[in-house]
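K.L.:
This is the structure, below, for whatever I ask next.
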Amino acid sequence: MKKLRVLILIIFIGIGLVLSGCGEKTFAYSRIYRDDYLTGGDLNFKYDERTHTAYFGGENQVVQYYEPDIAKGWKDAGCRIGIKIYLPSDVEDYQSGQVEINGNKLENDKIVNEEGGYLQLFPLVSENEQDFQIKIIWQDGTQEQNYYVYIEKGTIFMGK
């Protein structure tokens, strides 16, 4: 009988931890949109809300090449696409959050448009870097969200 009580107690504690999320707040996933300037050029775009995946390009569509632009934070030349992800409305301190693209941490103060309330990302893409993951922690103490970006087969990458 004593073992049964202990087992029931352990089950209730486990259920409580699962329901509380171990103290981490969760936000609803946002959508990925093209940036306002359609960086990358005239490319097809679709977003799958179920898998949080954005698809760019298609057969014989060309991703534009860009020179470095320090004002935009582009240190390297290459083909780029523009991405916009709106912050969830209940984010209070995005500056404590983190954004990573394929393991490269970005500085939030350079990618958040405060007036519009969204992240602006302009990742380099190429024949070798067509698919990548964006990891976002909107603010400290919240659960990580994962978004995915794929360049469709047949897409062409403009040369210099």
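K.L.:
If you place +1 on the Cβ of every Lys and Arg and -1 on the Cβ of every Asp and Glu, how big does the dipole about the Cα centre of region 36-153 come out, in debye to the nearest 20? If you can, show how the numbers build up before the last one.
P.N.:
On the way: 10 positive and 22 negative charges, 53 e Å.
I would put it at about 260 debye.
K.L.:
Using a ≥ b ≥ c from the Cα gyration tensor of region 55-121 (square roots of the eigenvalues), is it rounded, prolate or oblate, where a/c under 1.5 gives rounded and otherwise the larger of a/b and b/c decides, a/b for prolate?
P.N.:
Numbers: a/c = 2.20, a/b = 1.63, b/c = 1.35.
Taking the square roots of the gyration eigenvalues as a ≥ b ≥ c, region 55-121 is prolate.
K.L.:
Using the heavy atoms of the protein chains and a 1.4 angstrom probe, tell me the accessible area per residue for region 68-133 in square angstrom. Show your work: numbers first, answer last.
P.N.:
Values: 3900 Å² over 66 residues.
Per-residue accessible area for region 68-133 comes out at 59 Å².
K.L.:
Solvent-accessible area of LYS84, probe 1.4 Å, all protein chains present, reported in Å² to the nearest ten, please.
P.N.:
20 Å²
K.L.:
Which of the residue pairs LYS75/LYS105; LYS72/LYS160; LYS75/LYS153; LYS84/LYS105; LYS46/LYS153; LYS25/LYS135 have a Cα-Cα distance greater than 22 Å in the structure shown? Walk me through the numbers on the way to the answer.
P.N.:
Numbers: LYS75/LYS105 15 Å; LYS72/LYS160 19 Å; LYS75/LYS153 27 Å; LYS84/LYS105 17 Å; LYS46/LYS153 14 Å; LYS25/LYS135 16 Å.
Beyond 22 Å between Cα atoms: LYS75/LYS153.
K.L.:
Right, here's the next one. Quick one: 3J(HN,Hα) in Hz for region 71-82, Karplus 6.51/-1.76/1.60 with θ = phi - 60°, rounded, Gly and Pro as x.
P.N.:
Values, residue by residue: 4, 8, x, 8, 7, 10, 7, x, 7, 10, 10, x Hz.
The values are calculated or read from the model by the stated rules, or taken from the named source; none is laboratory data. Predicted model only: the values in this text are computed from it and were never measured. All Cβ positions, glycine included, derive from the backbone under ideal geometry; neighbour counts span all protein chains shown. Areas reflect the complete protein model, heavy atoms only, side chains present, ligands, DNA and RNA absent. Shrake-Rupley method; radii C 1.70, N 1.55, O 1.52, S 1.80 Å.
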